[in-house]
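Colleague: My questions will all concern the structure given below.
The values are calculated or read from the model by the stated rules, or taken from the named source; none is laboratory data. This structure is a prediction, so every number in the text was calculated from the model and none was measured. Please note: Cβ atoms are built from the backbone with ideal geometry, for glycine as well, and neighbour counts cover all protein chains shown.
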Amino acid sequence: MDMQRILSVFGRLSGLLPEEIVEYRFFCESAAAYVAERTRSGACAWKYRRRLEEAAAALAYYRFVLWRATDSAGKALKIGEIQVFDGDRRLEYAERLCREAFADLKGVLRDDGFVFEGV
């Protein structure tokens, strides 16, 4: 897999500046290793390399968003019966993006029981 392409897609998803992406490269490397380990032997990985790289970038982005969510976990304002959470739906969208990327590679990747669960 082309790590530069994975980093590029991750950068577009995260909105990080190129110099900031380097700080989170470990998410991309870990995600690329995860995808590579689960690629079926004889699955013509070269034919699906773009989609595999996009899946790795989507997984890296999901992990990045999840990690960033821990910084703001539990921040809420409650006034009487009204409660406002300081959160957004990035985690939900990142999870959906990752699910779609992996579903698109259903015949290429082994299913080792990787499951997304609600947070």
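Colleague: So, in segment 1-27, of the ones that are more than 15 Å from the chain's Cα centre (by Cα) and in contact (Cβ under 8 Å) with a residue 40 or more places away in the chain, which residue ends up nearest to Leu105 (Cα to Cα)?
Modeller: Within segment 1-27, the match that is nearest to Leu105 (Cα to Cα) is Met1.
Colleague: Quick check on segment 25-48: of everything there that is in contact with a Lys or Arg (Cβ under 9 Å, 6 or more places away or on another chain) and assigned to a helix (DSSP H, G or I), which residue is nearest to Cys98 (Cα to Cα)?
Modeller: Ala31
Colleague: Scan segment 28-70 for residues that are out of contact with any Cys (no Cβ under 6 Å at 6 or more places or on another chain), closer than 22 Å to Val108 by Cα and aromatic (Phe, Trp, Tyr) and jot them down.
Modeller: The answer is Tyr34, Trp46, Tyr48, Tyr61.
Colleague: Moving on. Among the residues that make up segment 39-46, is at least one of them over 14 Å from Arg5 (Cα atoms), in contact with an Asp or Glu (Cβ under 9 Å, 6 or more places away or on another chain) and not hydroxyl-bearing (Ser, Thr, Tyr)?
Modeller: The answer is no; no qualifying residue exists.
Colleague: For Glu95, state whether it is surrounded by 13 or more Cβ atoms within 10 Å (Cβ to Cβ), modelled with pLDDT of 65 or more, under 14 Å from Tyr34 (Cβ atoms) and among the acidic types (Asp, Glu).
Modeller: Considered against the rule, which asks whether it is surrounded by 13 or more Cβ atoms within 10 Å (Cβ to Cβ), modelled with pLDDT of 65 or more, under 14 Å from Tyr34 (Cβ atoms) and among the acidic types (Asp, Glu), Glu95 comes out as no.
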